[in-house]
Amino acid sequence: MQALGPFLNCEEVKLGDKYVAVATIGASLLAGLISLVNLTVSKEHKISELRQTWISELRNDTSLLVAMCNNLSARYMIQINLGPINYWQFFSEHMDLLQKIDELHHRIKMHLNPHEHKKLIALLEDIESSITDAQRLGDCGQMAYLFEELNDNTQAVLKAEWERVKTGEPGFNRLKKIGLTITLISIFGLFMFFSMA
């Protein structure tokens with residue numbers, strides 16, 4: 001054995017080189033993993049922020065739509081109770097309200113996924129056709145039922161979306177599981193490497 005100094009020999013240096021190589025590879029893998037996790041966390045945080053904004057906008061728009069439709073229905077009922085009503089005159093007098101209702105209706109539909117929110121979209125369509133049909137608009141029980149159904153279905157959608165925000169996006173949850181698996185495998189591999197050395 002050749003001595004490299006007063007305390008080291010060649011075999012100790014070779015063994016030290018292995019530890020340095022493993023430590024370097026381990027550090028670079030850890031840095032890459034941390035970078036990936038940070039990137040994913042920031043992306044998922046932004047998605048959660050956008051989803052929370054979406055939830056708030058859907059809640060506000062739906063409540064405003066129901067209030068405006070309810071207002072139109074009540075006005076129509078008052079007109080009916082005052083005497084004969086001219087359908088076209090009533091609607092021409094309330095064209096501004098109808099335009100706002102139509103705008104909200106389409107804004108809400110644009111917020112919804114046609115595959116996930118079919119029932120809610122169908123209710124919106126039913127309400128829209130009801131407010132332009134004099135017979136259906138004059139049926140207080142039917143209009144109240146539609147408004148209640150819209151409220152209930154919107155609350156169910158909002159609750160499901162809020163749960164999605166709380167649990168995290170699917171990509172983030174997958175990354176957490178993969179990261180945990182890689183970490184455990186790495187720790188096990190390092191343990192095995194050092195126990196054999």
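What to note about this one:
- Single condition VAL165 does not satisfy, out of (1) touching a Leu at 6+ places or on another chain (Cβ under 9 Å); (2) under 22 Å from LYS43 (Cβ atoms): (1)
- Whenever a residue of region 55-70 is touching a residue at least 40 places away in the same chain (Cβ under 8 Å) and closer than 15 Å to PHE147 by Cβ, its partners that are part of a helix (DSSP H, G or I) and polar (S, T, N, Q), lying with C-beta atoms within less than 7 angstrom and at least six residues away or across chains, give the pairs THR62/THR154; VAL66/ASN151.
- Residue in region 167-188 that is surrounded by 14 or more Cβ atoms within 10 Å (Cβ to Cβ), in contact (Cβ under 8 Å) with a residue 12 or more places away in the chain and not in a helix (DSSP H, G or I) present: yes
- The set of residues in region 163-179 being within 19 Å of GLY32 (Cα to Cα), at pLDDT below 75 and not charged (D, E, K, R) consists of GLY171, PHE172, ASN173, LEU175, GLY179.
- Out of ILE121, ILE127, sole residue that is touching a Pro at 6+ places or on another chain (Cβ under 9 Å), surrounded by 15 or more Cβ atoms within 10 Å (Cβ to Cβ) and either closer than 25 Å to ALA74 by Cα or among the small types (Gly, Ala, Ser) (or both): ILE121
- So ASN113, is it part of a helix (DSSP H, G or I) and surrounded by fewer than 18 Cβ atoms within 10 Å (Cβ to Cβ): no
- Some residue of region 118-137 being in a helix (DSSP H, G or I), of a type in the set (Asp, Glu), modelled with pLDDT of 80 or more and touching a His at 6+ places or on another chain (Cβ under 8 Å): yes
- Residue within region 85-100 that is at positive phi and not in a helix (DSSP H, G or I) present: no
- Filter result for LEU124 (touching a residue at least 24 places away in the same chain (Cβ under 8 Å) and more than 31 Å from the chain's Cα centre (by Cα)): no
- Of the residues screened, GLU44 is one that is touching a Phe, Trp or Tyr at 6+ places or on another chain (Cβ under 8 Å), assigned to a helix (DSSP H, G or I) and acidic (Asp, Glu).
- So HIS117, is it under 13 Å from THR62 (Cα atoms) and of a type outside the set (Phe, Trp, Tyr): no
- Residues that are farther than 15 Å from ARG107 by Cβ and surrounded by 15 or more Cβ atoms within 10 Å (Cβ to Cβ), drawn from region 38-69: THR40, GLU44, ILE47, SER48, ARG51
- Checked against (1) outside any loop (DSSP other than H, G, I, E, B); (2) without any contact (Cβ under 8 Å) to a residue 12 or more places away in the chain, GLU161 passes all but condition (2).
- Selection within region 130-158 - crowded, with 16+ Cβ neighbours inside 10 Å, within 12 Å of CYS69 (Cβ to Cβ) and not hydroxyl-bearing (Ser, Thr, Tyr): ILE131, ARG136, LEU137, MET143, LEU146, PHE147, LEU150
The values are calculated or read from the model by the stated rules, or taken from the named source; none is laboratory data. This one's a predicted model, so the numbers in the text were calculated from it and none came from an experiment. Positions of Cβ are generated from backbone atoms using ideal geometry, with glycine treated the same way; all protein chains shown enter the neighbour counts.
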